[in-house]
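The values are calculated or read from the model by the stated rules, or taken from the named source; none is laboratory data. This is a predicted model, so every value here is computed, not measured. Heads up, the Cβs are rebuilt from the backbone with ideal geometry, glycines too, and the neighbour counts pull from every protein chain shown. The accessibility values were calculated without ligands, DNA or RNA, using every heavy atom of the protein model including side chains. Shrake-Rupley method; radii C 1.70, N 1.55, O 1.52, S 1.80 Å.
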Amino acid sequence: QVQLVESGGGLVQTGGSLRLSCAASGRTFSTYVMGWFRQAPGKEREFVAVVNPSGGSTYYANSVKGRFTISRDNAKNTVYLQMDSLKPEDTAVYYCAKSRFAYYSESGWDYDYWGQGTQVTVSS
């Protein structure tokens, strides 16, 4: 069983920054592929970013590429999402998730554990 707890969401103005954190339980965090997803009101959940177990390789959705950075600290069992140059369309609940596989996936169906989510609101 893996528990994921997100934090760091909030209200920010357009162009601002936020850093989300996701703390994971368990002693094998360093073996997990970890991802971030988001869901805006009335929209489907969408992939944001993913990081490999070592943190040395990342992949992003086109909508956030160049503005968001995913990273991890395996000593702290934590994955981060640094969000810069935020736009109103980034407003959503953000979720971290653990992949059930050892490869990257943009499909939420390939992730077996999810956090409760943290709200990010970007005002115009």
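You will find that of Y103, Y111, the residue that is among the hydroxyl-bearing types (S, T, Y), in contact (Cβ under 8 Å) with a residue 12 or more places away in the chain and open to solvent by less than 60 Å² (accessible area, probe 1.4 Å) is Y111 and no other. Among the residues of segment 64-76, those identified as of a type outside the set (D, E) and either surrounded by 19 or more Cβ atoms within 10 Å (Cβ to Cβ) or outside any loop (DSSP other than H, G, I, E, B) (or both) are V64, F68, T69, I70, S71, R72. Does E89 satisfy the condition of being assigned to a loop (DSSP other than H, G, I, E, B), open to solvent by 60 Å² or more (accessible area, probe 1.4 Å) and among the acidic types (D, E)? No. Restricting the first member to segment 34-56 and to residues that are at pLDDT below 95, and the second to residues that are in a strand (DSSP E or B) and among the charged types (D, E, K, R), the beta-carbon pairs closer than 7 Å and six or more apart or on different chains are G55/R72.
Got at least one residue in segment 5-18 being buried (at least 20 other Cβ atoms within 10 Å of the Cβ) and in a strand (DSSP E or B)? Yes - at least one qualifying residue is present in segment 5-18. If the condition is being open to solvent by 40 Å² or more (accessible area, probe 1.4 Å), of a type in the set (S, T, Y) and assigned to a strand (DSSP E or B), then segment 30-61 contributes T58, Y59.
Does Q119 count as open to solvent by 40 Å² or more (accessible area, probe 1.4 Å), modelled with pLDDT of 95 or more and closer than 13 Å to V50 by Cα? No. Of all residues in segment 19-29, those that are assigned to a loop (DSSP other than H, G, I, E, B) and of a type in the set (A, V, I, L, M) total 0.
So, in segment 57-92, how many residues would count as being within 17 Å of A24 (Cα to Cα), out of contact with any Gly (no Cβ under 6 Å at 6 or more places or on another chain), without any contact (Cβ under 8 Å) to a residue 60 or more places away in the chain and not small (G, A, S)? The number of residues fulfilling the criteria is 7.
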